[in-house]
Amino acid sequence: MNKEMITAKQGGYLLILFMIGSNLFMGLAPSAKSDAWIAVIVGMVMAVPMIFIYARLLSLFKGRDIFDILNLVFGNVLGRIVALAYIWYPLHLGALVIRNLGEFMNTVAIPETPMLLPMLFIGILSIWVVMAGVELLGRCSKIFFPIVVIIMIITTLLVIPYLNFDHLKPVMYEGIMPVLKSGFEIFSFPLAETVLFIAVFSALKTDKSTYRVYFSGLLIFGAIGVLLTLRNILVLGDDIVGGVYFPLYAEVSRISIGEFIQRIEVSVATTFVITAFIKVSVCLYVTCIGLSKCFGLKSYRSIVVQTGLLMVLFAYIIYENIMDMIFFASVYPYYALPFQVILPVLTLVIAEIRLRAGQLQAVKRS
């Protein structure tokens, strides 16, 4: 059993902030144009079966994380080989989020500052919190979540004078296929990325709360995603497609009420840093847990610094420029499919078969 514990409420906050991550700032489903808000709902519906699978695995193997589960289901040798996928995936995903933040800072926030500095800053923060343990990460999420929500509410109220509902028309002008395609992209980025929480929610204090935490987090994020996507469409219109790399920042930058309220986009940048920090920290935590269990280390904390710095270095060299980042975003849903769908489904099917055959009964009772 994992001695480090988080409450269901902290787990929910952590899950929501993780899903927000860099996703909303890069824009959800820009290719769906004015139907992007519908694509968010479609993506949520697509995510429901996978969320159930993730929660089911945790309920079958109470108190165990994804690496323990793989070892029990596939055996010691094959389990370690499959576990390598869930070491690589969070390492790569964390590097992608760090680079997203670096590109954001270098493009619109602080363009004269070398990109490596904000990336190193977020990396060091994540190293510090992961070294302190998942309990501190849970407490951080409990503090940061209200801040993020308050900023979103304030900016939503301030942006009301700039809303143009004509931007929502026509609805599904190009048919349903662009909406379904965009819904799949949202399913993959960020909803199904919560597969990594199979390594985090083993620390929940109450086992029965796994389903509730997963599905409540999905619903709350969905509401936030629909709201902010509608804002982007209503304010930016056609500019949301191809014309803006970070639509939420561009939208809020238009707010100007006399000489009293200006440059409000700084608050959005703050939210970006907070949510990216949470997401990178979760990715780093899962990577280190996996490495420690795969190679038989006494504690994951002994490799946090090295792994965190490696993640930052990987983020720095992963793309040549922001256009490479945008291109990979279109490929990412297919790249992530084995980690998010194929392996979890395969693991659950084999686990259910072995449980019914009586081979894992002792594990089910634990």
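The values are calculated or read from the model by the stated rules, or taken from the named source; none is laboratory data. This one's a predicted model, so the numbers in the text were calculated from it and none came from an experiment. Cβ placement follows ideal geometry from the backbone for every residue including glycine, while neighbour counts extend to all protein chains displayed. Surface accessibility is based on the protein's heavy atoms, side chains included, excluding ligands, DNA and RNA. Shrake-Rupley method; radii C 1.70, N 1.55, O 1.52, S 1.80 Å.
Numbers for the structure displayed
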{"quantity": "T155 closer than 22 Å to M46 by Cα and either crowded, with 19+ Cβ neighbours inside 10 Å or of a type outside the set (S, T, N, Q) (or both)", "calculated": "no"}
{"quantity": "Members of the range 32-46 found to be surrounded by 24 or more Cβ atoms within 10 Å (Cβ to Cβ) and modelled with pLDDT of 90 or more, listed by number", "calculated": "A39, V40, G43"}
{"quantity": "Any hit, the range 35-49, residues being free of Cβ contacts under 8 Å to residues at least 60 places away in the same chain and either in a helix (DSSP H, G or I) or not aromatic (F, W, Y) (or both)", "calculated": "yes"}
{"quantity": "Some residue of the range 328-351 being among the β-branched types (V, I, T), surrounded by 18 or more Cβ atoms within 10 Å (Cβ to Cβ) and touching a helix residue (DSSP H, G or I) at 6+ places or on another chain (Cβ under 6 Å)", "calculated": "yes"}
{"quantity": "Complete set of residues in the range 71-107 that are aliphatic (A, V, I, L, M) and out of contact with any helix residue (DSSP H, G or I) (no Cβ under 9 Å at 6 or more places or on another chain)", "calculated": "V77"}
{"quantity": "Flag if V244 is modelled with pLDDT under 80, within 17 Å of F144 (Cβ to Cβ) and either assigned to a loop (DSSP other than H, G, I, E, B) or open to solvent by 40 Å² or more (accessible area, probe 1.4 Å) (or both)", "calculated": "no"}
{"quantity": "Top-ranked residue in the range 13-31 [being assigned to a helix (DSSP H, G or I) and open to solvent by 10 Å² or more (accessible area, probe 1.4 Å); ranked as modelled with the highest pLDDT]", "calculated": "Y13"}
{"quantity": "Yes/no for F165 being loosely packed, with under 15 Cβ neighbours inside 10 Å and of a type in the set (A, V, I, L, M, F, W, C)", "calculated": "yes"}
{"quantity": "Set I255, I318, I322: member being among the aliphatic types (A, V, I, L, M) and touching an Asp or Glu at 6+ places or on another chain (Cβ under 7 Å)", "calculated": "I322"}
{"quantity": "Residues of the range 203-230 satisfying the condition of being at pLDDT 85 or above and open to solvent by less than 10 Å² (accessible area, probe 1.4 Å)", "calculated": "A203, L204, T210, V213, Y214, G217, L218, F221, G222, G225, L228, T229"}
{"quantity": "Answer from G79, G63 - the residue that is outside any helix (DSSP H, G or I), farther than 28 Å from V268 by Cα and open to solvent by less than 20 Å² (accessible area, probe 1.4 Å)", "calculated": "G63"}
{"quantity": "Counted residues, the range 185-200 - those being in a helix (DSSP H, G or I) and either out of contact with any Gly (no Cβ under 7 Å at 6 or more places or on another chain) or open to solvent by less than 10 Å² (accessible area, probe 1.4 Å) (or both)", "calculated": "11"}
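For every residue, the table says whether it meets (1) open to solvent by 30 Å² or more (accessible area, probe 1.4 Å); (2) under 30 Å from L180 (Cα atoms); (3) at pLDDT 90 or above; (4) more than 20 Å from the chain's Cα centre (by Cα).
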residue: V73; (1), (2), (3), (4): no, no, yes, yes
residue: Y89; (1), (2), (3), (4): no, yes, yes, no
residue: A95; (1), (2), (3), (4): no, yes, yes, no
residue: E103; (1), (2), (3), (4): no, yes, no, no
